[in-house]
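This report refers to the structure that appears directly beneath it.
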Amino acid sequence: MSSGSCIGISAMKPCCRILSSYKSPSLFGFSPTKFSDSMITGMLSRSGHHNSTRCHMYNTCNTQILGYIHEISANRRDFSVSDSNWGLYRSFSTSFGVNIGSFRPRIVSLVPHVASDIRNHSTSVDSHARDTSFEKIYIQNGLNVKPWVIDRIETDQSKLEEVYEDQSDVNVDNLKHLVENKVQREVSEIEKEAWKLLEDAVVTYCGNPVGTVAANDTADKQALNYDQVFIRDFVPSALAFLLNGEGEIVKNFLLHTLQLQSWEKTVDCYSPGQGLMPASFKVRAVPLDGGNETFEEVLDPDFGESAIGRVAPVDSGLWWIILLRAYGKLTGDYDLQDRVDVQTGIRLILKLCLTDGFDMFPSLLVTDGSCMIDRRMGIHGHPLEIQALFYSALRCSHEMLIVNDATKSLVAAVSNRLSALSFHMREYYWVDINKINEIYRYKTEEYSTDAVNKFNIYPEQIPSWLVDWISEEGGYFIGNLQPAHMDFRFFTLGNLWAIVSSLGTTKQNQGILNLIEAKWDDIIAQMPLKICYPALEGEEWRIITGCDPKNTPWSYHNGGSWPTLLWQFTLACIKMGRPDLAQKAVDSAEKRLSVDRWPEYYDTRNGRFIGKQSRLMQTWTIAGFLTSKMMLENPEKASLLFWEEDFELLQNCVCMLGKSGKRKCSRFAARSQFIV
Ligand code: GLC
């Protein structure tokens, strides 16, 4: 169906804005934030800084229930809502003429009118809607629209009360717990300091902890956006809290950021896709009624429209999914991921990633700076970091998605993509000394599906540093692959997540750690770990970074050392049975981090200097250190955060689903597939 024929709901506007005019605006326990750009006259409110700010218990903060989606079956695998419900619950009153303003609580039961259709051989998600229901609700743009039918409206008060009990979303008392639950075990003075700093970095929203600021250096007069809660930065904070037995802040974070998904923010009149998660958000206090005496807090997300370079936060949604799974694993609270709104959130993110485009490869196509490296660094196209996080998020989703008629095509698309992506990465991104020798002898200009040099890589592209650098031991996944282009730089985060998620084969994963060990002085150096190796210098720096003065050689994203990567290294080492390597790195970091006041990054080839423009009291440096420490002490808990090989997924090949079965599958002609 075309988007032009969409009717009904005025769309995926921010729920808060839609519902803010209603008196009882919360359906799933989270009430919307009354918000508009003009209202933001901006006053930072966060833990310890909001003496003058009073949280006004208004739409923004209270939790009331307007209704809920009644699950038809007790079997949780039998039923879940389709995406259209997302739009539906945010504004269904508009279509059905229910006066929400005077709405008495009652239970609305909805049955999905499923139009499930797995398109032949497509590994992406299709969008079809059948036009047969009597009352149809579509969300804006018609993407993946499924009609919904109101089955019945219940007014049973006892059911309603049950619902109220189930909807205790926000722990109102949890800042206290953060401190009380604190580490019962012996901790070093440095760890104690780190815990204190982490607590100081906590941001509250209406009294509840919802995240941590990126950096909390009170001496720094120019906060830029480091006073915001970044989705990616919060992950190590979240893990530190979770490993320490504190789940509420993480739950609050997951639910509040879910609310921000698809917020109506635009860059020059263009709105990002529905599933996009913001890069960061800020809690702002805005005066109520134009006065200066009372304030209400609002969450103000940034989808990249304020970010330097207007970079797209592609990794945010992927991290959100990864954290959601980690929360379930470490707390045992799986109810959160089963919630209707949370399931919908997962699906919106996935659909954004799985939508058909012009892609020829199963890897995600993104613009430069769409991840931790959020400035121009020549990582547009198919950068490793995004692929590794994408693979991890797909594996999480594969575990968390509730399977039913409405979701089965999505689940199939996830499985197919996992299989295709792992094949693609293992086959084409992996290099070791033999592979480089093979590339060195490549024939070029090959035509046909049987080409050996499929991407037409000219051997002259092999950089001179690599010829000497590549070790006899191990190998790694290259930074990027496109037609006639291999980026041979070693990017740490992507390689570590390839290990953690089993994107690589066991042999490849071991190979990455072997390479890091062999190249310790280059990748770990004096401060773990280099974000990438080597730095771009001279003409390359000029052309590829666009003369970025922050990304000069061996600084910041261009070969700087980022202590936050320590936790990901630790996790990868624990998985591969090499905690000794992680311990060595943690020990060397521990000697300097506190003395240096927890810098964001270090500069120089050996990581000897605190970075030129490095923030101090950088939260993910602090949290990454604590998380590494706790994982080394509790490897069994760490093991909940990584994945082993899934052989069933590997066998899954979409080509084999062809009706005739005669379709030629290039994977089976591949030279080295699945060397496990
Ligand atoms: C820088 C980093 C980015 C991080 C942000 C907040 O922009 O490049 O990865 O999320 O700072 O710490």
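The values are calculated or read from the model by the stated rules, or taken from the named source; none is laboratory data. Worth saying up front: this structure is predicted, and the values here are computed from it rather than measured. Glycine also receives a Cβ, built like all others from the backbone with ideal geometry; neighbour counts cover every protein chain displayed. Accessible surface is based on the protein model in full, side chains and every heavy atom, while ligands, DNA and RNA are left aside. Shrake-Rupley method; radii C 1.70, N 1.55, O 1.52, S 1.80 Å.
Pairing each residue of segment 353-375 that is over 16 Å from residue 545 (Cβ atoms) and within 16 Å of the ligand (Cβ to nearest atom) with any residue that is open to solvent by 30 Å² or more (accessible area, probe 1.4 Å) and of a type outside the set (Val, Ile, Thr), provided the two are 6+ apart or on different chains, yields C-beta distances under 8 Å for 366/312; 366/380. Residue 614: of a type in the set (Ser, Thr, Tyr), buried (at least 22 other Cβ atoms within 10 Å of the Cβ) and farther than 20 Å from residue 574 by Cα, yes or no? When the stated conditions are applied, residue 614 passes them. Taken together, 636, 644 contain a single residue that is in a loop (DSSP other than H, G, I, E, B), more than 16 Å from the ligand (Cβ to nearest atom), open to solvent by 70 Å² or more (accessible area, probe 1.4 Å) and modelled with pLDDT of 95 or more, which is 644. In a residue-by-residue description of segment 252-267, the property of being closer than 23 Å to residue 626 by Cβ, assigned to a helix (DSSP H, G or I), aliphatic (A, V, I, L, M) and more than 16 Å from the ligand (Cβ to nearest atom) applies to at least one position.
Surrounded by fewer than 20 Cβ atoms within 10 Å (Cβ to Cβ) and in contact with an Asp or Glu (Cβ under 6 Å, 6 or more places away or on another chain), is that true of residue 484?
Against the criterion (surrounded by fewer than 20 Cβ atoms within 10 Å (Cβ to Cβ) and in contact with an Asp or Glu (Cβ under 6 Å, 6 or more places away or on another chain)), residue 484 does not qualify.
Checked against the criterion of being among the aliphatic types (A, V, I, L, M) and surrounded by 19 or more Cβ atoms within 10 Å (Cβ to Cβ), segment 443-455 contains not a single residue that satisfies it. If you go through segment 214-241 and keep only what is open to solvent by less than 10 Å² (accessible area, probe 1.4 Å) and under 24 Å from residue 336 (Cβ atoms), you end up with 229, 231, 234, 235, 236, 237, 238, 239, 240, 241.
Conditions tested, residue by residue: (1) more than 20 Å from residue 510 (Cβ to Cβ); (2) in contact with a helix residue (DSSP H, G or I) (Cβ under 9 Å, 6 or more places away or on another chain); (3) within 16 Å of the ligand (Cβ to nearest atom).
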site	(1), (2), (3)
528	no, yes, no
534	yes, yes, no
541	yes, no, no
559	yes, no, yes
611	yes, no, yes
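Taken together, 356, 368 contain a single residue that is closer than 25 Å to residue 651 by Cα, in a loop (DSSP other than H, G, I, E, B) and among the charged types (D, E, K, R), which is 356.
Among residues that are among the acidic types (Asp, Glu), surrounded by 24 or more Cβ atoms within 10 Å (Cβ to Cβ) and modelled with pLDDT of 95 or more, residue 399 is not included. With respect to the conditions (1) open to solvent by less than 40 Å² (accessible area, probe 1.4 Å); (2) within 19 Å of residue 273 (Cβ to Cβ); (3) within 16 Å of the ligand (Cβ to nearest atom), residue 393 lacks only one, and its number is (3). Restricting the search to segment 288-340, which residues are free of Cβ contacts under 8 Å to residues at least 40 places away in the same chain and either open to solvent by 10 Å² or more (accessible area, probe 1.4 Å) or away from the ligand (no atom under 15 Å from the Cβ) (or both)? Across segment 288-340, the qualifying residues are 289, 290, 291, 292, 293, 332, 334, 335. Can you go through 579, 553 and tell me which one is of a type outside the set (Phe, Trp, Tyr), within 26 Å of residue 368 (Cβ to Cβ) and open to solvent by 10 Å² or more (accessible area, probe 1.4 Å)? Only one candidate qualifies: 553.
The lone criterion from (1) free of Cβ contacts under 8 Å to residues at least 60 places away in the same chain; (2) open to solvent by 60 Å² or more (accessible area, probe 1.4 Å); (3) within 16 Å of the ligand (Cβ to nearest atom) left unmet by residue 597 is number (1).
Return the total of residues in segment 200-238 being part of a helix (DSSP H, G or I) and either farther than 15 Å from residue 319 by Cβ or more than 16 Å from the ligand (Cβ to nearest atom) (or both). Please lay out each step first, then the result.
Kept after step one, since they are part of a helix (DSSP H, G or I), are these residues of segment 200-238: 200, 231-238.
After this cut, where a residue has to be either farther than 15 Å from residue 319 by Cβ or more than 16 Å from the ligand (Cβ to nearest atom) (or both) as well, the list is 200.
Adding up the residues that qualify gives 1.
Looking across segment 399-424 at every residue that is in a helix (DSSP H, G or I) and of a type in the set (Val, Ile, Thr), the one that is nearest to residue 322 (Cα to Cα) is identified as 414.
For segment 379-390, a residue qualifies if it is in contact with a strand residue (DSSP E or B) (Cβ under 7 Å, 6 or more places away or on another chain) and within 15 Å of the ligand (Cβ to nearest atom), and the qualifying residues are 379, 383, 385, 386. Total residues in segment 530-550 satisfying the condition of being among the aromatic types (Phe, Trp, Tyr) and either open to solvent by less than 10 Å² (accessible area, probe 1.4 Å) or outside any helix (DSSP H, G or I) (or both): the figure is 1. Being part of a loop (DSSP other than H, G, I, E, B), modelled with pLDDT of 90 or more and farther than 17 Å from residue 225 by Cβ is the filter; apply it to segment 268-287 and report the residue that is nearest to the ligand (Cβ to nearest atom). So, considering only residues that are part of a loop (DSSP other than H, G, I, E, B), modelled with pLDDT of 90 or more and farther than 17 Å from residue 225 by Cβ, the one nearest to the ligand (Cβ to nearest atom) is 276. Pairing each residue of segment 267-280 that is under 13 Å from residue 352 (Cβ atoms) with any residue that is at pLDDT below 80, provided the two are 6+ apart or on different chains, yields C-beta distances under 6 Å for 274/12; 274/262. On the stretch given as segment 372-398, residues that are touching a Ser or Thr at 6+ places or on another chain (Cβ under 9 Å) and outside any helix (DSSP H, G or I) total 10.
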